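Reading through the structure tokens given below for one structure.
The values are calculated or read from the model by the stated rules, or taken from the named source; none is laboratory data. Owing to the predicted nature of the structure, the values given are computational and were not obtained by experimental measurement. Using ideal geometry, Cβ is built from the backbone for each residue, glycine included, and neighbour counts are taken over all protein chains shown. Note: areas computed on protein heavy atoms with side chains; ligands, DNA, RNA excluded. Shrake-Rupley method; radii C 1.70, N 1.55, O 1.52, S 1.80 Å.
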Amino acid sequence: MSCALACAQFISVARAAGPAPAWQHSLEWRGQTARMDELPDGGYRLQHPGGERRIAAQPLASDTASVMFDGLFAVAQAELDEARVASITDGAFDSGQPIPCPCFETGEKWRYVWTRDVSYAIDLALARLDPQRARASLRFKLSETRAGTKGLYVAQDTGSGGSWPISSDRVVWFLAAQHLIDGNDDDSRRFAGEVWRALTDTLAQDRRYVFDEAMGLYRGETSFLDWREQSYPRWTANDVGFIAQSFALSTNVLQYRALRLAERLARERGDARAEQYAKQAQDLGATIERRFWREDRGLYMSYIGTAAHPVPFEAYDLLGLSLLVDSGIAPRERALRALSRYPALDSGSPVIWPQQPDTAIYHNRASWPFVSAYSLRAARATGHAPRIAHEIRALMRGAALAGSNMENFELTTQAVHVDDGALSGPVVNSPRQLWSVAGYLDMVIEGVFGVMPDGRIEPKLPVELVPVLFGDRETISLQLANRRITLRRPRELSGDLLVAKSMHTEGDSTAVQLVAARSADGTLASDAAAFAPASPEAPRVDADGAQWKIALPARTRLYVDGARQADAGEARTVEVPRGDVEQCFSLTRVDANGLESLHGPTRCTGDEITVAGEWPRRWIAPHDGRYAVRADFLNPHGPINTGITAAVKWLDVQCTGQPAQGGVLVMPHGQARQRSSAVTFRAAAGAECRFGLRDGFNMSYLSHNAHYTGGSGGQSGPLNAADVGALHVVALAPTPDTPSDTLAKDASKQTATLAENRTQ
């Protein structure tokens, strides 16, 4: 069903005489029905396909024409109360024994506190509903060090290849913390000091180990989409080196938000670093906007390739897009275009697009309520009425039919499980998932009633929802802990979005007169369930004199050094000039509709020089120029999907006639020898370069992980080790594809635009 048809149905129901409109007491979906009844004691009874549950009267309440809407708000509050615990448990920490923590646990099946889960939940709603417990939950994820550089850091949870810096979205913590530092009570002031210290230490550490100067971006995995083969090429299932060296939209936007917070707090403190943080944020915002935008799709890519091969990917994710729009980085026209082009089904919005073939349902082929809540925020920021209405309906339907705020749903059916053989799923699905609960609460408080985190009231309510929420009533209201908001409908519904015309506050009550307005011209694409083709193999690259000969299978596309080079409708061989520097090649497959696969493995060529022996190792540069050096290594200290012992070493490079150079070598878990990330440097012809290796930092160095009993580097002590073999040096092109000075110029040009976007 198109959005236009859904809108027409809602409006036609409102005009018809007879029973209450659908979704006021009950809703139906694919032959299933949910019904909500209000009980005499102020509670509710929800009858859903899985059974029946009763919900006691809750401290906050909405009063609308829809008993379903009001009752589901009560359900979310009840489930939030269930998440308030005195201790938490996880099998990988303290051997599953309870850990005292007056925190929010993550879900019925997830009894621990995870950095990204709790941070997104707190940012969505929990900061304003229970600030004391929110601060306690965030404090649990702060840690001093037991080895390495002293400081206070946010803990990156166990993750791909041994966690940080492969998974590098821990700065999401600051997205939540920013809401909890402005109170006048002692705990707020103490927490503000902790946030400032953790912010400066964590940003400095990420700048050293995760930031790529040449690309102007932070490396690492997409935030939340942390199950490799669900959203990355399938060959990364057992090789996360690519993920460690690629660049993700969501993670970079989170870094941008953290830098903006650092700028603000530095200015408040009179700290000289304020200008540094401002400049870093401006440069990063400009680079995000330029690097991730894909004009042919009208979308922002979820991630791009490595610095050596920064290829575009036909991969998009709704959380990254929503965070980007909400950050103000994206120009409004592009933001609106991207929200219109990101596809949806009546059942919901997919968390990734396109879907990946032969991949089980989890992030793939799924919608996640908390992501829908962020999509709702982005839609409100741009006035995208169809997506606002779409996400509100999806959140209501999912909670009603499941009887709980579930972790996720299968995309096309909005079911909690679909049988599809080996691809059945969602593979994991928990009731009362914390960020889903928070997403529902945010949908009611901000999404419908327009109550912003800073207390402002900015309703943006689609006209198509008036029949459900208002019925034949003149007003609807929301009772919060110390405040009551009443929305009054206009007499005329000539537009498609209801916004505030006037407000009147008396005591703790605010009455808002709504007026119908014409929103931005937003639409919804409908090809959400489309599958991408399977990725091809790595290209075969054969030398032929001054050329490389590359065989292209039918319907493939060749990329060379990050740029699209050739397309093959039928199988053919292409020639590429053979350089005397490293060249990198990859293939994608393109289907009949023009949809592109994720890239196959990258193949790089170049005359490598092996440097082995005792440290420091020595090497003579054959000519002037830029070089990359990588290390052979084996890191068997954990499985590919988890752990805290990614090996992180610092390679010092000292070449005659050059200042000290160096960079980080990231060496993830793996069962076979592989190559580390690259360190680039400059050397003059004939110069002797000395390579020295010293310890960097990994998550096992945090005191927090003394409780980790699920693998190496925890209770037994810090571990930052790999069997490091030979170094391999290869010449690079004279300048990067996008040198940092060019990025700086681009950033300065866009500074005014970014400032304008942030104030919209």
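A few notes on this one:
- Where a residue in the range 374-385 is touching a residue at least 24 places away in the same chain (Cβ under 8 Å) and its partner, wherever it lies, is in a helix (DSSP H, G or I) and among the charged types (D, E, K, R), with Cβ under 6 Å and at least six apart: 375/391; 376/391; 377/326; 378/326; 379/387; 381/326
- Within this structure, residue 524 passes the test of being surrounded by 20 or more Cβ atoms within 10 Å (Cβ to Cβ), touching a helix residue (DSSP H, G or I) at 6+ places or on another chain (Cβ under 9 Å), part of a loop (DSSP other than H, G, I, E, B) and hydrophobic (A, V, I, L, M, F, W, C).
- Look at (1) open to solvent by 30 Å² or more (accessible area, probe 1.4 Å); (2) of a type outside the set (Asp, Glu); (3) in contact with a strand residue (DSSP E or B) (Cβ under 6 Å, 6 or more places away or on another chain) and you find that residue 155 fails only one, number (1).
- Residues of the range 379-426 satisfying the condition of being open to solvent by 20 Å² or more (accessible area, probe 1.4 Å) and at positive phi: 421
- Members of the range 694-710 found to be surrounded by 17 or more Cβ atoms within 10 Å (Cβ to Cβ) and either at positive phi or part of a strand (DSSP E or B) (or both), listed by number: 702, 708
- Verdict on residue 469 being without any contact (Cβ under 8 Å) to a residue 40 or more places away in the chain, in contact with a strand residue (DSSP E or B) (Cβ under 8 Å, 6 or more places away or on another chain) and within 16 Å of residue 392 (Cα to Cα): no
- Whenever a residue of the range 248-275 is touching a residue at least 40 places away in the same chain (Cβ under 8 Å) and assigned to a helix (DSSP H, G or I), its partners that are surrounded by fewer than 23 Cβ atoms within 10 Å (Cβ to Cβ) and of a type in the set (Lys, Arg), lying with C-beta atoms within less than 8 angstrom and at least six residues away or across chains, give the pairs 262/273.
- A count restricted to the range 431-447 and to residues that are under 24 Å from residue 496 (Cα atoms) and surrounded by fewer than 24 Cβ atoms within 10 Å (Cβ to Cβ) stands at 2.
- Selection within the range 345-378 - open to solvent by 10 Å² or more (accessible area, probe 1.4 Å) and closer than 24 Å to residue 28 by Cβ: 345, 346, 365, 369
- Residue count for the range 128-167, restricted to those that are in a helix (DSSP H, G or I) and either at positive phi or free of Cβ contacts under 8 Å to residues at least 24 places away in the same chain (or both): 0
- The set of residues in the range 539-556 being open to solvent by less than 30 Å² (accessible area, probe 1.4 Å) and either at pLDDT below 95 or assigned to a loop (DSSP other than H, G, I, E, B) (or both) consists of 539 alone.
- Every listed requirement among (1) part of a loop (DSSP other than H, G, I, E, B); (2) at pLDDT below 95; (3) more than 16 Å from the chain's Cα centre (by Cα) is met by residue 237 save one, (1).
- Screening the range 449-464 for residues that are among the acidic types (Asp, Glu) and open to solvent by 20 Å² or more (accessible area, probe 1.4 Å) and picking the one that is farthest from residue 182 (Cα to Cα) gives 458.
- The condition (being at positive phi and open to solvent by less than 20 Å² (accessible area, probe 1.4 Å)) is satisfied by just one residue among 625, 613, 643: 643.
- Some residue of the range 216-227 being closer than 18 Å to residue 156 by Cα, open to solvent by less than 10 Å² (accessible area, probe 1.4 Å) and either among the small types (Gly, Ala, Ser) or assigned to a helix (DSSP H, G or I) (or both): yes
- If the condition is being among the basic types (Lys, Arg) and at pLDDT below 95, then the range 470-498 contributes only 491.
- Residues within the range 461-475 that are closer than 23 Å to residue 77 by Cα and either touching a helix residue (DSSP H, G or I) at 6+ places or on another chain (Cβ under 7 Å) or of a type in the set (Gly, Ala, Ser) (or both), tallied: 4
- Count of the range 176-198 residues which are open to solvent by 10 Å² or more (accessible area, probe 1.4 Å) and part of a helix (DSSP H, G or I): 11
- Of all the listed residues (546, 520, 481), the sole one being in contact with a strand residue (DSSP E or B) (Cβ under 8 Å, 6 or more places away or on another chain) and of a type in the set (A, V, I, L, M) is 546.
- Subset of the range 483-521 that is of a type in the set (Ser, Thr, Tyr) and more than 19 Å from residue 390 (Cβ to Cβ) - its residue that is least open to solvent (accessible area, probe 1.4 Å): 510
Yes/no matrix, rows are residues, columns are (1) open to solvent by 60 Å² or more (accessible area, probe 1.4 Å); (2) modelled with pLDDT under 95; (3) in a helix (DSSP H, G or I):
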{"residue": "86", "(1), (2), (3)": "yes, no, no"}
{"residue": "95", "(1), (2), (3)": "yes, no, yes"}
{"residue": "101", "(1), (2), (3)": "no, no, no"}
{"residue": "108", "(1), (2), (3)": "yes, no, no"}
{"residue": "112", "(1), (2), (3)": "no, no, no"}
{"residue": "121", "(1), (2), (3)": "no, no, yes"}
{"residue": "126", "(1), (2), (3)": "no, no, yes"}
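- Scan the range 372-412 for residues that are among the polar types (S, T, N, Q), closer than 25 Å to residue 51 by Cβ and assigned to a helix (DSSP H, G or I) and the total you get is 1.
- Pair list, Cβ < 7 Å and 6+ apart or interchain, from the range 546-558 residues that are free of Cβ contacts under 8 Å to residues at least 24 places away in the same chain to residues that are surrounded by 18 or more Cβ atoms within 10 Å (Cβ to Cβ) and not hydroxyl-bearing (Ser, Thr, Tyr): 554/568
- Annotation: of all residues in the range 284-315 being of a type in the set (D, E, K, R) and outside any loop (DSSP other than H, G, I, E, B), the one that is nearest to residue 253 (Cα to Cα) is 289.
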